[in-house]
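This report refers to the structure that appears directly beneath it.
The values are calculated or read from the model by the stated rules, or taken from the named source; none is laboratory data. As the structure is a computational prediction, the values presented were derived from the model and not from experiment. As a convention, Cβ positions derive from the backbone with ideal geometry for all residues, glycine included, and neighbour counts pool all protein chains shown. We work out accessible area using only protein heavy atoms, side chains counted, and drop any ligands, DNA or RNA first. Shrake-Rupley method; radii C 1.70, N 1.55, O 1.52, S 1.80 Å.
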Amino acid sequence: ETSSLEEMIKMFKSYSALVGVHVCSTPDWSNLARLELDFFHFDATLPQLKTDLNSFLELRKMLDRKILVVWGIIPTASASDFEVRDFSPQLFELWERMAGRKSIPEITAQSLLAPACGLGTLNPRQAYIVRESLIRTRQRLLTVTICKS
């Protein structure tokens, strides 16, 4: 229930804690919008995210409220199906669709990269692929955003 979650967030904040939420599936954007979050982590590889206009609007509102967004962009479910690669094109596509008044460098300043849900279920080889893909994606994002600023 959202009211219980809101109370828990208030309690943590009363101790000056940073508070965030991780969502493994399609977020309930209307409930998330009411929460006083410092960060929000979600699976940015969800297929419906690419077509859900509401998700872009809510993510933009979170950025406007200075919430740090943690983009779970490195897929874990298919880690055995790929070699180390750069997932920045997928992230740039999402950012460009939702940017609105924000520039890509502004979005990156409020963003962290992470694997999608499920990293703990992978074997060491798969986890290595995800880790190295995360590093490669980060390096590419740094290169591109420095050039765009």
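For the chain, pairs of C-alpha atoms spaced more than 18 angstrom apart make up 59 percent of the total.
Under the rule of -39500 (n - 2.57) per DSSP H run of 4 or more residues, summed and divided by the residues of the chain, what mean residue ellipticity at 222 nm is obtained, to the nearest 500 deg cm²/dmol? Please list the in-between numbers first.
On the way: 6 runs with 73 residues, N = 149.
Using -39500 (n - 2.57) per qualifying helix, the result is -15500 deg cm²/dmol.
Please list, by residue number, every one of the GluC sites (Glu not before Pro) in region 18-124 that is coil in DSSP and has at most 10 other beta-carbon atoms within 10 Å.
Those satisfying the criteria are Glu83.
Just want to confirm a number: the relative contact order over the chain, from Cα pairs under 8 angstrom separated by 6+ residues, in percent. Intermediate results must be reported in sequence, preceding the final value.
Details: 191 pairs, mean separation 34.8, N = 149.
Here the relative contact order equals 23 percent.
Please identify the chymotrypsin sites (Phe, Trp or Tyr not before Pro) of region 77-114 that satisfy two criteria: DSSP loop assignment and at most 14 other Cβ atoms within 10 Å. Which are they? Listed in order of number, the matching sites are Phe82. For chymotrypsin sites (Phe, Trp or Tyr not before Pro), the sites in region 1-80 that DSSP calls loop and that have at most 15 other Cβ atoms within 10 Å are Tyr15.
Excluding ligands, DNA and RNA, what is the solvent-accessible area per residue of region 1-142 at a probe of 1.4 Å, expressed in Å²? List each step's numbers first, then the result.
Working: 7780 Å² over 142 residues.
Computed with neighbouring chains in place, this is 55 Å² per residue.
Apolar share of the accessible surface for region 21-86: 56 percent from carbon plus sulfur atoms, 1.4 Å probe. Charge dipole (Cα centre; +1 on Lys/Arg Cβ, -1 on Asp/Glu Cβ; no other charges) of region 1-116 amounts to roughly 400 debye. Just need log10 I(q)/I(0) for region 66-149 at q = 0.14, 0.16 Å⁻¹, Debye formula, equal scatterers on the alpha-carbon atoms, no solvent, rounded to two decimals. Debye curve over Cα of region 66-149, log10 I(q)/I(0) at q = 0.14, 0.16 Å⁻¹: -0.48, -0.61. Close lysine pairs were tallied over the chain: pairs 8 or more places apart or on different chains with Cα atoms under 24 Å apart number 13.
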